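Report on the structure given below.
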Amino acid sequence: MRITLAVVLGVVALALAGCTPGPGPLPIPPSPTATPVFASDEEALEAAVGLFGEYLAFADTTSPQEQLEGGRLEGFLASEALDESRESLQEWVDNGWSSSGHSSIDSPQLQSYRESQGVAAVTFYLCEDLSAVDVVDGTGVSVVTPGRRDRLPLEVEVSGQSSQNLRITRSDLWAGDDFC
């Protein structure tokens, strides 16, 4: 029996093939990392303060009744802030109150910026200036209490999954030392 060189090489190749490792498991692709909502604390504060300013401009130029209609508040507010605003606006409507003039904000300061599961939350302090705002009843008589504080220190929280869907979730009068 004559074994040809080709057969011997074929057997050796088959034997060696059984000894070499296979391709192994496929590598697991890296899991996508969540892109932060904001690139920096400064960007987060700028977006949050911008939203608050837009909300004040809306409130200054829209009657309390119009604010309550058509879900317009939901474009600015959510959670606690939305509930409180609805209650307050309903009181204004019931009393026939309206405002004139424009409020402004200044001195924003970041308190915290955090993200969890793709949702950003920005908490900041600012001063709301009401000195150019009057509240009048249905007959045009001012209902502003004499000696009212014209500059209010506020702590505001804004949250959302992107800069386009941020909503004010809380706006409270600061209980600590007046920083305005």
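Side notes on the structure shown:
- Condition check for Gly71: at pLDDT 90 or above and at positive phi: yes
- When Asp137, Asp106, Asp178 are checked against the criterion of being modelled with pLDDT under 95 and either more than 17 Å from Glu42 (Cβ to Cβ) or of a type outside the set (Phe, Trp, Tyr) (or both), Asp178 stands alone in meeting it.
- A count restricted to region 156-180 and to residues that are closer than 19 Å to Pro36 by Cα and over 11 Å from the mean Cα position of the chain (by Cα) stands at 0.
- For the criterion of being under 16 Å from the mean Cα position of the chain (by Cα) and among the charged types (D, E, K, R), Arg72 fails.
- Hey, Glu46 modelled with pLDDT of 95 or more, under 16 Å from the mean Cα position of the chain (by Cα) and either acidic (Asp, Glu) or farther than 25 Å from Arg170 by Cα (or both) or not: yes
- Per-region count, region 66-110, residues basic (Lys, Arg) and loosely packed, with under 12 Cβ neighbours inside 10 Å: 0
- Filtered residues of region 129-150 (kept if surrounded by fewer than 16 Cβ atoms within 10 Å (Cβ to Cβ) and under 21 Å from Asp177 (Cβ atoms)): Ser131, Gly147, Arg148, Arg149, Asp150
- Any hit, region 41-62, residues being part of a loop (DSSP other than H, G, I, E, B) and in contact (Cβ under 8 Å) with a residue 12 or more places away in the chain: no
- Check on Gly118, surrounded by 15 or more Cβ atoms within 10 Å (Cβ to Cβ) and under 14 Å from the mean Cα position of the chain (by Cα): no
The values are calculated or read from the model by the stated rules, or taken from the named source; none is laboratory data. Just so you know, these numbers come straight off a predicted model, no measurement behind them. Note that we place each Cβ from the backbone using ideal geometry, even for glycine, and neighbour counts take in every protein chain shown.
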